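The values are calculated or read from the model by the stated rules, or taken from the named source; none is laboratory data. Owing to the predicted nature of the structure, the values given are computational and were not obtained by experimental measurement. Here the Cβ is made from the backbone with ideal geometry for all residues, glycine too, and neighbour counts use every protein chain on show. Heavy atoms of the whole protein, side chains included, go into the accessibility calculation; ligands, DNA and RNA do not. Shrake-Rupley method; radii C 1.70, N 1.55, O 1.52, S 1.80 Å.
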Amino acid sequence: MELGLYSFAENTPDPLNGDRMQSPAERLRDLLEEIELADQLGLAFYGLGEHHRPDYVASAPVTILAAAAARTKNIRLSTAVTVLSSDDPVRVYQQFATLDLLSNGRAEIMAGRGSFIESFPLFGYDLNDYDTLFEEKLELLLRLREGGKISWPGGQHTKPIPGVQVYRQPMQSPLPLWIAVGGTPNSVARAAYYGLPLMIAIIGGQPRQFTPLVDFYRETVAKVGKDPAKHPVGISSHGFIADNSQDARDIAFPAHSAAMSRIGKERGWPPTTRAQFDAGATPQGAYFMGSPQEIIDKILMQHEWFGHDRFGLQLSVGTLPHDKVMRAIELYGTVVKPAVDKALG
């Protein structure tokens, strides 16, 4: 199984440092150090979310990943996610093709509809077109991945392309493309229909309840005449690692609670409580918050349920001290990864 990390590059008050706020430039410097350490420790991938809000600094994630490409050697560089509905597929393809060249063939696109909506008014799109935008632009992106001159008839949301060569081409052919979903069966079916790898975000509730969704994906892949064994499934979840369980939860909770409560207020949810947080960190819960052994056990237990090929840990939800995030990455790479590799061969 591939183990990796992803981040939304939060830039919010740090509750463990007197609510100190970093400058965006300082936050980006720390982020690049985190990606560099993940590469040095042999983690498989790093994903960076796209957001256009004051609480995140990654409004242009491919630019940040290009900077990371110059400082890393092996780790795959991805978004988590590219909000394809409000972007231009041609520019997405060109940006990732360039990232692929800069990184010597380590770029990946992870496309999704996004869990936030701020990019739609920013780029002049109507939320009523939420589904059709993604569907049409995904089809164009898939056509671009095939290479050669692009003849595209245009549609409701895209302009015609009259047999034009798109430059530059990436090293990888085709450029890897994952579909990220939050649990919607239609999104899972779409990924299966197009024969694309699937990444499922499990950030609450009981993860085992997602087993039918994984089964549905593999069954649908088979029904459209493709081999499920060649179509990877990934799981991503919130988490934090420290030397012992109590420290991990005590360090992570204040920032996690502040971030989820802030987002919850926007969406009409009640504030996050410590009891809810601790319940999520139990073996059956969605959070990977604990000691290295707890993280190992939970990854392996979920692998028994899902048989997945990739696991992405979100470090962190809310702003945590940089040294503690670096320690979490160190434990993930030096303790968790070797144990999971050994257990799964």
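Tabulated results
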item	result
Residues of type lysines that LYS137 reaches as a straight line, Cα spacing below 19 Å, ignoring anything fewer than 8 places off in the same chain	LYS149, LYS159
Residue with peak Gaussian network fluctuation, the chain [Cα springs, cutoff 10 Å], from ASN11, ASN128, ASN186	ASN128
For ILE161, residues with placed amide H under 5 Å, excluding near neighbours	TRP152, GLY154
Residues with amide H under 5 Å from that of PHE240, placed H, sequence gap 5 or more	PHE288, MET289, GLY290
Nitroxide proxy distance, nm - points 7 Å out along Cα→Cβ at GLN40 and ARG53	3.2 nm
Helix 322-331 axis, angle to the chain major axis (alpha carbon atoms, nearest 10°)	80 degrees
GluC sites (Glu not before Pro) restricted to the stretch 274-345 and DSSP loop, no more than 10 other C-beta within 10 Å	none
Given the chain, longest segment not containing exposed loop trypsin sites (Lys or Arg not before Pro) (DSSP; at most 16 other Cβ within 10 Å)	227-345
Residue of ALA38, ALA58, ALA70 that the Gaussian network model of the chain assigns the largest fluctuation, springs spanning Cα pairs under 10 Å	ALA70
HN-Hα J in Hz across the stretch 249-258 - Karplus 6.51, -1.76, 1.60, θ = phi - 60°, x for Gly and Pro	6, 5, 6, 6, 4, x, 5, 4, 4, 4
³J(HN,Hα) computed for each position of the stretch 70-80 - Karplus, 6.51 cos²θ - 1.76 cosθ + 1.60, integer Hz, glycine/proline x	6, 10, 10, 10, 10, 5, 7, 10, 9, 9, 7
For the chain, built as a Gaussian network whose Cα springs stay under 10 Å, the top-fluctuating residue of PRO153, PRO321, PRO283	PRO153
Anisotropy class of the stretch 1-61 from Cα gyration tensor, a/c 1.5 cut	prolate
Chymotrypsin sites (Phe, Trp or Tyr not before Pro) restricted to the stretch 140-208 and DSSP loop, no more than 10 other C-beta within 10 Å	TYR167
Estimated vicinal HN-Hα couplings, Hz - the stretch 19-27 in sequence order (Karplus 6.51, -1.76, 1.60; Gly, Pro = x)	6, 5, 10, 7, 6, x, 5, 5, 4
SER23/LYS226 FRET efficiency (R0 45 Å; Cβ-Cβ; nearest 0.05)	0.40
Of PRO15, PHE288, SER245, farthest towards positive along the dipole that unit charges on Lys, Arg, Asp, Glu beta carbons give the chain	PHE288
The stretch 245-284: translational diffusion in µm²/s, Stokes-Einstein, Kirkwood Rh over Cα pairs, 4 °C, 1.567 mPa s	123 µm²/s
Surface share of carbon and sulfur [accessible, 1.4 angstrom probe, percent] for the stretch 189-345	56 percent
GluC sites (Glu not before Pro) lying in DSSP loop within the stretch 132-181, provided at most 12 other Cβ fall within 10 Å	GLU146
Charged-residue dipole, Cβ positions (Lys, Arg, Asp, Glu), the chain about Cα centre, Debye nearest 20	640 debye
Dipole of the chain, positive end: most advanced residue of ILE117, LEU48, HIS157 [Cβ charges, Cα centre]	HIS157
Residue-normalised accessible area of the stretch 1-103, expressed per residue, 1.4 Å probe, Å²	36 Å²
5 angstrom amide H check on ARG76, placed H, neighbours 5+ away	PHE45, TYR46
